[in-house]
Amino acid sequence: MKIAVCVSHVPDTATKVKVSSDGVSIDPTGVTYIINPYDEYAVEEALSTKEKLGNNSEVVVISVGSDKSKETIRKALAMGADSGVLLKDDNPRDSFAVAKALSEEIKAQGCELVFCGKQSVDYDNTITGQLVAEMLGYSCIPVIVEFNLEGNKITAEREIEGGREIVETVLPAVLTAQKGLNEPRYASLRGIMTAKKKTIEEKPAADAESLTEVLKMHLPPPKKAGRILGTDSSAVPELVSLLREEAKVL
Amino acid sequence: MANKILAVLEQREGQLKRSAFETVGMAAKLASELNLEVEAVVTGNEISNINDIGSYGISKVIHLKNPDFENYSSSGYRDAVTDYANESDADYLLLANTSMGKDLAPLLGVKLNAGCIMDCVNIDVSSGNLIATRPVYAGKALIDVKPKSAKIVITIRPNVFKPVPGGSSSPQIEVREISSPNLQTRVVEFKKAEGKLDVAEADIIVSGGRGMKGPEHFDLIEELADLLGGAVGASRPVVDAGWRPHSEQVGQTGKTVSPSLYIACAISGAIQHLAGMSSSKYIVAINKDKEAPIFSVADYGIAGDVFEVLPALIEEIKKIKA
Ligand SMILES: Cc1cc2nc3c(=O)[nH]c(=O)nc-3n(C[C@@H](O)[C@H](O)[C@H](O)COP(=O)(O)OP(=O)(O)OC[C@H]3O[C@@H](n4cnc5c(N)ncnc54)[C@H](O)[C@@H]3O)c2cc1C
Ligand SMILES: Cc1cc2nc3c(=O)[nH]c(=O)nc-3n(C[C@H](O)[C@H](O)[C@H](O)COP(=O)(O)OP(=O)(O)OC[C@H]3O[C@@H](n4cnc5c(N)ncnc54)[C@H](O)[C@@H]3O)c2cc1C
């Protein structure tokens, strides 16, 4: 079976966000980019599924983005993925247009099982995997922390408010990975060396229109620094009375 | 021309959730500002509090009913809601940005060829057009977004739009029996976390960090959370060390929360943690290091030893609750 993993190339989570002069995106100056943290769980699950399924399975990594996204594809190759595809587009797209490009490629490659992250930590939409599934007519279980495949039957656990749901579905399917699903492996030195030699196929991302448009990016109003009421429990009565009378939250 | 807003509501175990009433309130408000019709649609079996929708501002409710809808089925709910959305020709679908909303919204988006604007914290229609504001980069920035498609699916962040019940009018409820729903993807079991309130739904959160020194000291955090009717949260190292379950992690790779009150105990306030909680209405920090970055977002702080301050705080709260 051919398994696809969709990976996004995102600013490091420690990034201090500044708005760029275009007014609609972040200023990339000095920002380090990494593989989206949730996508590492997706890559790991794809690799371990491939290992369980045996020899004639393979894992293809797909990303929509600019040339820079190759770094992230390479990271997944170093972990052990077999091949990589960059669907190139230098212009921003919304999740819908990203999903359109991904689904066209997944269809062309004939992948029946697709892993995404539950969320890309840049635009935080949490929907790309579901969109891809629906565009392809695949089943979808988002935000999974456990995954089991038997024949074409999938049983997964997903994290929701107040507990976990056990969900059943069938292939072909898209799953989106939540932290807790697995422990992503480190790329071995050998993995890194082989990844350097693997070619990343590049093609233009399928044309697709964004259905939403960002008009403006702005920073949240800075929180005014609060008051330090004291250095020990003698400050507790004042704290409680402020919470009751000023904040009115108790 | 836009003509109708559909509030797509969530029930679990036969009860509409608080976030469902937030959705009703928001849909009703938008409808009156844009001069549109508004209806609510809910997929489920028996729903005990369905009449309460009326007092939050929507007078027509479509109940898409089937015994198999007692549990969530993304394929079944998607098809039932899509059919109704097509029939009623609604242009705006509004959902809560809960686990179910995040799953269902994009499926409906593809079916209806509607763009999705997720996790909105403000919706402005003063210009006559809809502009939604949503956090990106875990709340480090916000974007104003407008739809480009004729139809649009919007989800609103829970806990942000507090619904205000008005009158007590009973809504008109139209029950539609859905025959042989599509159960290709379905929940077969729900494993409830033992009686605990989820951080993402709590109005008060008491969170502990690495400075709590060990899982046994979370008794203090739990006791305070229980007293306040709140939930327990945790920083990532605490979860990584296995002191607390991942479902309690707050931050960029955990949950994003915006409770009325967030009490951070022995948490330094790393950027990834702040990303998940800095939109809380009030923040209290207890940390022995007065330079800790958590104090830069806290409304009130005590720069002291958590093991001395927390017991005193618990006693003080007991006094006022007594
Ligand atoms: C300059 C710039 C402008 C942008 N403008 C917009 C914008 O206006 N609106 C907008 O919504 N987004 C915008 N994006 C981000 C967009 O290109 C994202 O890649 C895409 O929208 C995913 O973000 P998301 O939050 O929707 O992903 P989510 O839905 O949160 O992602 C879930 C999962 O889908 C997969 N995935 C997501 N993105 C990709 C990808 N590019 N390639 C492969 N797999 C992927 C990953 O597995 C990810 O874990 C912009 C990006 C840049 C660099
Ligand atoms: C990709 C990525 C994602 C991440 N995602 C998250 C996330 O989602 N959530 C998250 O929380 N972190 C996240 N982190 C980790 C983050 O960078 C910090 O390491 C983490 O938040 C620190 O947790 P902490 O404040 O509990 O611990 P520390 O930073 O070790 O702070 C402990 C604090 O306790 C105080 N203290 C110690 N003893 C006492 C005492 N007796 N009384 C009072 N105070 C005391 C200390 O002064 C200190 O400030 C992420 C990191 C990365 C790289």
Please state which of the following conditions A:GLU51 fails to meet, knowing it meets all the rest: (1) touching a residue at least 12 places away in the same chain (Cβ under 8 Å); (2) under 21 Å from A:VAL114 (Cα atoms); (3) outside any loop (DSSP other than H, G, I, E, B).
(1)
Which of the residues that make up the range A:1-16 are outside any loop (DSSP other than H, G, I, E, B) and within 22 Å of A:GLY30 (Cα to Cα)?
A:HIS9, A:VAL10, A:PRO11
The range A:166-177, subset within 8 Å of chain B (Cβ to nearest Cβ) and more than 16 Å from B:LEU107 (Cβ to Cβ), residue surrounded by the fewest Cβ atoms within 10 Å (Cβ to Cβ):
A:VAL170
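For (1) under 23 Å from A:LYS216 (Cβ atoms); (2) within 13 Å of ligand 1 (Cβ to nearest atom), each residue gets a yes or a no:
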residue: A:VAL5; (1), (2): no, yes
residue: A:ASP22; (1), (2): yes, yes
residue: A:ASP27; (1), (2): yes, yes
residue: A:ILE34; (1), (2): no, yes
residue: A:SER48; (1), (2): no, no
residue: A:LEU53; (1), (2): no, no
residue: A:LYS68; (1), (2): no, yes
residue: A:ALA76; (1), (2): no, yes
residue: A:ASP90; (1), (2): yes, yes
Subset of the range B:6-40, residues surrounded by fewer than 24 Cβ atoms within 10 Å (Cβ to Cβ) and among the β-branched types (Val, Ile, Thr), comes to B:VAL38
Evaluate the following for B:ALA105: is it within 24 Å of A:VAL10 (Cβ to Cβ), under 22 Å from the mean Cα position of the chain (by Cα), modelled with pLDDT under 95 and in a helix (DSSP H, G or I)?
no
Look at A:LYS248 and say whether it is surrounded by fewer than 17 Cβ atoms within 10 Å (Cβ to Cβ), in a loop (DSSP other than H, G, I, E, B) and modelled with pLDDT under 95.
yes
Mind telling me which of the residues B:LYS281, B:LYS255, B:LYS318, B:LYS290 ends up being touching a helix residue (DSSP H, G or I) at 6+ places or on another chain (Cβ under 8 Å), at the interface with another protein chain (Cβ under 10 Å from one of its Cβ atoms) and basic (Lys, Arg)?
B:LYS255
Restricting attention to the range B:211-223, does a residue exist that is more than 16 Å from ligand 1 (Cβ to nearest atom), at positive phi and either crowded, with 24+ Cβ neighbours inside 10 Å or outside the structural domain of B:GLY301 (by TED's automatic domain parsing) (or both)?
no
Quickly run through the range B:162-209 and pick out the residues that are more than 16 Å from ligand 2 (Cβ to nearest atom), small (Gly, Ala, Ser) and touching a Gly at 6+ places or on another chain (Cβ under 6 Å).
B:SER169, B:SER170, B:ALA193, B:ALA202
Of A:VAL31, A:VAL19, which residue is more than 30 Å from A:ASN148 (Cβ to Cβ), touching a residue at least 12 places away in the same chain (Cβ under 8 Å) and within 16 Å of ligand 2 (Cβ to nearest atom)?
A:VAL31
Selection from the range A:204-221 of residues that are among the charged types (D, E, K, R) and either assigned to a strand (DSSP E or B) or within 20 Å of the chain's Cα centre (by Cα) (or both):
A:GLU213, A:LYS216
Check B:LEU310 against each of (1) at pLDDT 95 or above; (2) out of contact with any Gly (no Cβ under 8 Å at 6 or more places or on another chain); (3) buried (at least 19 other Cβ atoms within 10 Å of the Cβ); (4) not in a helix (DSSP H, G or I) and name the one condition it does not meet.
(4)
Considering only strands (runs of 3 or more DSSP E) fully contained in the range A:57-134, which possess at least 2 residues that are under 14 Å from the mean Cα position of the chain (by Cα)?
A:58-65, A:113-117
Please count how many residues of the range B:262-276 are in a helix (DSSP H, G or I) and either within 16 Å of ligand 1 (Cβ to nearest atom) or among the small types (Gly, Ala, Ser) (or both).
2
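Here's the yes/no breakdown for (1) without any contact (Cβ under 8 Å) to a residue 24 or more places away in the chain; (2) under 13 Å from A:THR176 (Cβ atoms); (3) buried (at least 24 other Cβ atoms within 10 Å of the Cβ):
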residue: A:PRO92; (1), (2), (3): no, no, no
residue: A:GLU112; (1), (2), (3): no, no, no
residue: A:LEU131; (1), (2), (3): no, yes, yes
residue: A:VAL145; (1), (2), (3): no, yes, no
residue: A:GLY151; (1), (2), (3): yes, no, no
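The values are calculated or read from the model by the stated rules, or taken from the named source; none is laboratory data. As the structure is a prediction and not an experimental result, all values here were calculated from the model. Neighbour counts run over all protein chains shown; Cβ positions are idealised from the backbone, glycine included.
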